[in-house]
1. So which residues in the stretch 212-223 are under 19 Å from Arg242 (Cα atoms) and of a type in the set (A, V, I, L, M), if there are any at all?
2. Among the residues of the stretch 473-489, which ones are under 37 Å from the mean Cα position of the chain (by Cα) and either outside the structural domain of Pro401 (by TED's automatic domain parsing) or in a loop (DSSP other than H, G, I, E, B) (or both)?
3. Would you confirm whether any residue within the stretch 373-389 is surrounded by fewer than 19 Cβ atoms within 10 Å (Cβ to Cβ), among the acidic types (Asp, Glu) and in contact with a His (Cβ under 8 Å, 6 or more places away or on another chain)?
4. In this structure, does Gly416 turn out to be open to solvent by less than 40 Å² (accessible area, probe 1.4 Å) and on the phi > 0 side of the Ramachandran plot?
5. If a residue has to be under 15 Å from Ser442 (Cα atoms), small (Gly, Ala, Ser) and within 25 Å of the chain's Cα centre (by Cα) to count, how many in the stretch 324-354 make the cut?
6. Does at least one position in the stretch 288-308 carry a residue that is of a type outside the set (Lys, Arg), modelled with pLDDT of 90 or more and assigned to a loop (DSSP other than H, G, I, E, B)?
7. Please state which one of Leu191, Leu255, Leu185 is over 28 Å from Ser87 (Cβ atoms), in a helix (DSSP H, G or I), outside the structural domain of Ala70 (by TED's automatic domain parsing) and among the aliphatic types (A, V, I, L, M).
8. Checking the condition in contact (Cβ under 8 Å) with a residue 24 or more places away in the chain, in contact with a Leu (Cβ under 9 Å, 6 or more places away or on another chain), over 26 Å from Tyr406 (Cβ atoms) and in the same structural domain as Ser371 (by TED's automatic domain parsing), which residue from Asn492, Asn470, Asn455 passes?
Amino acid sequence: SGGGRGGRNPLEMLARAGQSFGLRATSASRQARERQGWGGLAQLMPSRFYNKVQDLHHRAGASTANPLLAYTLIKRLQSDWLNVVYSTEASENTQALKNGYKKVEKDLPLFEDLQGAARALMRLQDVYALNVKGLVKGVFQRASGTDLPEIYSPGQLFSLSADDCFLVGKVAYDMEDYYHSIAWLEEAVSLFRLSYGDWNTEDEGSLEDALDHLAFSYFKAGNISYALSLSREFLRYDPTNRRVARNVLKYERLLVEHPESATAEVGLQRPNVTHLQTRDLYEELCQTLGSQPTQYQIPALHCSYETNDSPYLILQPVKRELIRLQPFVALYHDFVSDLEAEKIKGLAAPWLQRSVVASGEKQQKAEYRISKSAWLKDTVDPVIVSLDRRLAALTGLNIRPPYAEYLQVVNYGLGGHYEPHFDHATVSNNALRTALLFQLSSVEAGGSTAFIYANFSVPVVKNAALFWWNLHRNGTGNGDTLHAGCPVLAGNKWVANKWIHEHGQEFRRRCSPNPED
């Protein structure tokens, strides 16, 4: 979901952490019989929490393809576990818990990972027009008013707790994003009301916390009347809170001064995002999950075996599916094998770092690109050499450095995406003529490549290579190649990019007699 360290398996982290804590998988009732009083509860609590996380995996078949499960796992291993370790209820074995936690802390998700996971859920909510009330229950249903097909049906429903919802809402609240904070905090308040009186040590929030954040969110959104109602409810649970009492007086005064605001309808707007002018089309293309409109299914778009007059491909031609002629986009099926894909992922995994984008002469992280990436030289393994040879035969281009870049391997996890962008650069002798995207994995939902101005999207097809020309023959950028990587809704998306520079290809792909081409 962005940030933190790459190349780690959450299940392995959990197993190592459990061993370091010395937690036993015995039942809560048996342990409760063995111990008496708070001392017993102090020792029981870590085991209960450990069993809770273990159950999380067993119920889901040890798969984190479901984004709700992935988010919850990150939260359990980050926020929840810290709350257990530093809780007063664990006072009798506090030092043992802290010592055990320190041993595995470097392998656990960071707070940045948890924030990124919460933002990812909000991103999926927006891009795929998902109903928050449905998400909380584990159902990926469309928001009301949309006539879209079902997007994802997990094998087993997984619902969120009140505290899970509270954390998502709080992340939005801290970003002053009240559009999202209100939706998630509403669910948190509803669930906390149902369970009021039952408190889990690992929880970050409470009914009072959720009411407090929700009231201020509504105030910032302009709904003073409801902010007042929520604040009064807060004081029923905590009548000594002076800050909230002052807020109540402030809201009452504002309603007296502006009585029309009590009945005014407040329309919440989504916060601005990068490429706002293309957001609606971008999200529409993502929501189709890569399905092609019927008007593009024309005779000129066909499938064929191609050799490109290369002796290397005569006995094993590539399988090409023409996706689009303007701009030229083709999908080469089975371009890499399962063994090659797994080898490339294995080579890249230890070196994955948060992906960056160009900002002038510098490289920096950006919210509009959430993924992890690593670069592989052809000297790393013979599989890279073989892939390069096949690629050179397919394109007829010089793909050796400095005429092409090293293979970039990219992993898109929970909500991973890349908003609309161009690949071609503008620096002299560094413009990128072509791009190849090798798809090294499949996903259960989402993750399509959407071409915004050309108005079509291509789904994730495992082991296929997606090819397009970024530049016209005259060297100018092709504006129709504005494209995006749609957020991964369910699954784990691996791709590899190969960019070939314009410089060095002068006699391999010649200019056209027409300077406009």
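1. Hits for the stretch 212-223 are Leu214, Ala215.
2. Here is the first cut: in the stretch 473-489, the ones under 37 Å from the mean Cα position of the chain (by Cα) are 473, 475-489.
Across the stretch 473-489, the qualifying residues are Arg473, Gly475, Thr476, Asn478, Leu482, Cys486, Pro487.
3. Looking through the stretch 373-389, none of the residues is surrounded by fewer than 19 Cβ atoms within 10 Å (Cβ to Cβ), among the acidic types (Asp, Glu) and in contact with a His (Cβ under 8 Å, 6 or more places away or on another chain).
4. Considered against the rule, which asks whether it is open to solvent by less than 40 Å² (accessible area, probe 1.4 Å) and on the phi > 0 side of the Ramachandran plot, Gly416 comes out as no.
5. 1
6. The initial filter retains those residues of the stretch 288-308 that are of a type outside the set (Lys, Arg), namely 288-308.
Remaining after also requiring modelled with pLDDT of 90 or more: 303-308.
Checking which are assigned to a loop (DSSP other than H, G, I, E, B) leaves us with 307-308.
Yes, the stretch 288-308 contains a residue that is of a type outside the set (Lys, Arg), modelled with pLDDT of 90 or more and assigned to a loop (DSSP other than H, G, I, E, B).
7. On the way: Leu191 fails: over 28 Å from Ser87 (Cβ atoms); Leu185 fails: over 28 Å from Ser87 (Cβ atoms).
On inspection, the qualifying residue turns out to be Leu255.
8. Values: Asn492 fails: over 26 Å from Tyr406 (Cβ atoms); Asn470 fails: over 26 Å from Tyr406 (Cβ atoms).
Asn455 is the lone residue from the list that is in contact (Cβ under 8 Å) with a residue 24 or more places away in the chain, in contact with a Leu (Cβ under 9 Å, 6 or more places away or on another chain), over 26 Å from Tyr406 (Cβ atoms) and in the same structural domain as Ser371 (by TED's automatic domain parsing).
The values are calculated or read from the model by the stated rules, or taken from the named source; none is laboratory data. This is a predicted model, so every value here is computed, not measured. We place every Cβ from the backbone using ideal geometry, glycine too, and count neighbours over all the protein chains shown. Each accessible area value is taken on the protein alone, full model and side chains, heavy atoms only, with ligands, DNA and RNA left out. Shrake-Rupley method; radii C 1.70, N 1.55, O 1.52, S 1.80 Å.
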